[in-house]
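Enquirer: Okay, handing you the structure first.
Just so you know, all these numbers are worked out from the coordinates, no wet-lab data involved. This structure is a prediction, so every number in the text was calculated from the model and none was measured. A quick note on method: Cβ atoms are made from the backbone with ideal geometry, for glycine too, and the neighbour counts reach across all protein chains shown.
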Amino acid sequence: MEPAIDWRAILRERLPLYGHRNWIVVADAAYPAQTSPGIETVVTAAGQAEAIEEVLAAIGASGHVRPLVYVDRELQFVTEADAPGAGRFRECLSELTRPYDRRELPHEEIISMLDRAGATFRVLILKTAMRIPYSTVFVNLDCAYWNAEAERRLRASMAEAATHSR
C-alpha cells in the first residue's frame, strides 16, 4: 500500500509559486481527471469542508493572492432526497465562503474556464471523499495587492500617455 500523500504539504509548496490566474480546486470524489497539461490532481482523504477551510486559510495567509470562489449553480437544486447532507453542506459552504467574492455558474461553464486556464496556467485539484454532486469549489487566484480599479487607472494613464506622445 502506498503511503498517503500529504496534500497540505503540496498546497504549501505550490501556493508560493502560484499567482493570479492559477486555480486551486477542492473537488468531490467523482470529479474527473482532466487532461489539460497544467492540471495536477491530488487525491486526499480529507473531507470537503476541511479541505475548503484549509485552502482558503492558506490563500489568506499568503499575502500575494486572494480567492475568487466559484461554485456550481446546480448545487442549490440538489435535494436531500437525492443527496443526503446536501442542505447541511450548502449551509457550511455558505459560512466558509461568506468573506470572499463568490460566484455561482453552471458546472460546465466553470469546467471550460478551468480547461482554458490549464492550457497556460497551473491548476491544483485536491480531490476529497465528498459524495454530494456539484459540491466542488473552484478557487481562481487573483492578485492580493492590485485590483481591477487600479488596473483601470493604469490602462487609462497608459492610453493618455500614448495619445500625448503622438
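Enquirer: Restricting to region 12-49, and then to whatever is under 16 Å from Leu96 (Cβ atoms) and touching a residue at least 60 places away in the same chain (Cβ under 8 Å), can you tell me which residue is surrounded by the most Cβ atoms within 10 Å (Cβ to Cβ)?
Expert: Result: Val26.
Enquirer: Here's another thing I want to ask about it. Would a scan of region 56-66 turn up a residue that is touching an Asp or Glu at 6+ places or on another chain (Cβ under 8 Å), over 14 Å from Asp142 (Cα atoms) and not β-branched (Val, Ile, Thr)?
Expert: no
Enquirer: Just the residues that are over 22 Å from Tyr100 (Cα atoms) and outside any helix (DSSP H, G or I), please, taken from region 136-166.
Expert: Ser165, Arg166
Enquirer: Among (1) of a type outside the set (Asp, Glu); (2) part of a loop (DSSP other than H, G, I, E, B); (3) more than 13 Å from Arg122 (Cβ to Cβ), there is one condition Ile52 misses while meeting the rest; what is its number?
Expert: The failed condition is (2).
Enquirer: Which residue, of Pro133, Pro84, is free of Cβ contacts under 8 Å to residues at least 60 places away in the same chain, in a loop (DSSP other than H, G, I, E, B) and either over 28 Å from Ile5 (Cβ atoms) or not charged (D, E, K, R) (or both)?
Expert: The unique qualifying residue is Pro84.
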